[in-house]
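The values are calculated or read from the model by the stated rules, or taken from the named source; none is laboratory data. In this text, all values refer to a predicted model and were calculated from it rather than measured experimentally. Cβ placement follows ideal geometry from the backbone for every residue including glycine, while neighbour counts extend to all protein chains displayed.
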Amino acid sequence: MPSMDFATTPRIVLRDGALDDLPALLAELGARHVALVTDAGLVRAGLVAPVEASLRAAGLAVTLYDDVQADPPERIVLAAVERLGAAGVDSVFAIGGGSAMDTAKLVAYLLRSPCELESIYGVDRAKGQRLPLILAPTTAGTGSEVTPISIVTTPTKEKRGVVSRRLLPDVALLDANLTLGLPPAVTAATGIDAMVHAIEAFTSRRLKNPLSDILAQQALSLLSTNLPLVLRDGQDKAARGAMLLGSCLAGMAFANAPVAAVHALAYPLGGRYHLPHGLSNALMLLPVLRFNLRAAAPLYAALAPSVGAETANAEGFLRAIEQLVAQCEMPKRLHELQVTRESLKQLAADAMQQQRLLINNPVELTEADALRLYEEAF
């Protein structure tokens, strides 16, 4: 009998206009003064002001923190904790992509359980309590609204993670309206990112389980079917909602059956070159899939129907992924993004620091292997 220890966000609301539920949900959690965590781009896009107005109209005090940056640096996380702590917030709501949600998770935790951030990097080192927390993604990509993970960029450009079930939010709000304005390039990169989550969860060497498998397969089916639709028509609300659900299911899967080498090789690209996380994953996906083929072929074959492959085998799966990536309007090679060939050795060395991810890969990966994969992606 398989063993499993599965955890996810306890309440997930998916519907058109789900964000309208926010004031009532915060009230249920006892909130009186809400930290609204987001980034300046969403403020300029006009997504944040209506949220703040609805919270104030419901009698809640609001303190806005909109300095979130991509691949959140430690200093941004700590600045948010300091500012919002001084304001006296008692709950946290984030609207945005993975960076905003990851920042909000740590803000909610550190305001309730003060400690040195360094002391909780790693798995299950954050054991304290957090403030009430609700997350609303604006991209169908990271699945951060249902993962116990927050990724931070250290001053040395290393990506480090806090992994603890204490970071799972109380509620995830999935509202397709929040994703309608995503440009095609961001839609593509975040959509492929979500697919990476599902694939790596299904092929993970550690903690793979029946529930994560089902979620990963359903996520891949939703994502592969609807990504071409939203790339053709970004205002297709039904397809946008299906993408959000696919991303959420993939997040639930990899939160319990952890990701591996695609992410391990993507993180240095974000740390060194500030490439968006979804794009970094998309760039490394096919090289790593081919590298893992000798061990993962039966698993790829099992996933082939979920991506509409013409043949139900590993080769059919890889062809379907290649065809889907080819449809995406985004850079396909590292050299298109000013990544230098001279930096590949450093990137390979950086990737080897991601051992918490590499131990999940179906095939053992050395520094020399990592360098060859970067060269293939170059």
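Kindly evaluate Leu220 against the criterion of being crowded, with 24+ Cβ neighbours inside 10 Å, under 27 Å from Asp5 (Cα atoms) and not assigned by TED's automatic domain parsing to the domain that holds Val162.
For Leu220, the condition - crowded, with 24+ Cβ neighbours inside 10 Å, under 27 Å from Asp5 (Cα atoms) and not assigned by TED's automatic domain parsing to the domain that holds Val162 - is met.
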- Residue pairs qualifying under the 8 Å Cβ cut-off, at least six apart or on distinct chains, with the first in region 119-134 being of a type in the set (S, T, N, Q) and the second being part of a loop (DSSP other than H, G, I, E, B), are Ser119/Arg125; Gln129/Ser113
- Candidates Glu329, Glu364, filtered to the one that is in the same structural domain as Met195 (by TED's automatic domain parsing), of a type outside the set (A, V, I, L, M, F, W, C) and touching a residue at least 24 places away in the same chain (Cβ under 8 Å): Glu329
- Restricting attention to region 254-281, and to residues there that are assigned to a helix (DSSP H, G or I) and among the hydrophobic types (A, V, I, L, M, F, W, C), which single residue is surrounded by the fewest Cβ atoms within 10 Å (Cβ to Cβ)? Leu279
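Kindly evaluate Ala295 against the criterion of being within 23 Å of Thr366 (Cα to Cα), of a type in the set (A, V, I, L, M), in contact (Cβ under 8 Å) with a residue 24 or more places away in the chain and part of a helix (DSSP H, G or I). Walk me through it before giving the result.
On the way: within 23 Å of Thr366 (Cα to Cα): yes; of a type in the set (A, V, I, L, M): yes; in contact (Cβ under 8 Å) with a residue 24 or more places away in the chain: yes; part of a helix (DSSP H, G or I): yes.
Against the criterion (within 23 Å of Thr366 (Cα to Cα), of a type in the set (A, V, I, L, M), in contact (Cβ under 8 Å) with a residue 24 or more places away in the chain and part of a helix (DSSP H, G or I)), Ala295 qualifies.
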- Of (1) under 19 Å from the mean Cα position of the chain (by Cα); (2) at pLDDT 95 or above, Thr154 satisfies all except one. Which? (2)
- Note on the structure: Here the residues within region 1-42 that are modelled with pLDDT under 95 and more than 22 Å from the chain's Cα centre (by Cα) are Met1, Pro2, Ser3, Met4
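Which of the residues spanning region 280-324 are hydrophobic (A, V, I, L, M, F, W, C) and in contact with a Pro (Cβ under 7 Å, 6 or more places away or on another chain)?
First, pick out the residues of region 280-324 that are hydrophobic (A, V, I, L, M, F, W, C): 282-286, 288-289, 291, 293, 295-297, 299, 301-304, 307, 309, 312, 314, 317-318, 320-321, 324.
Across region 280-324, the qualifying residues are Ala295, Ala296, Ala312.
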- Query: Do we find a residue being closer than 24 Å to Tyr267 by Cα and free of Cβ contacts under 8 Å to residues at least 24 places away in the same chain anywhere in region 36-56?
  - Reply: yes
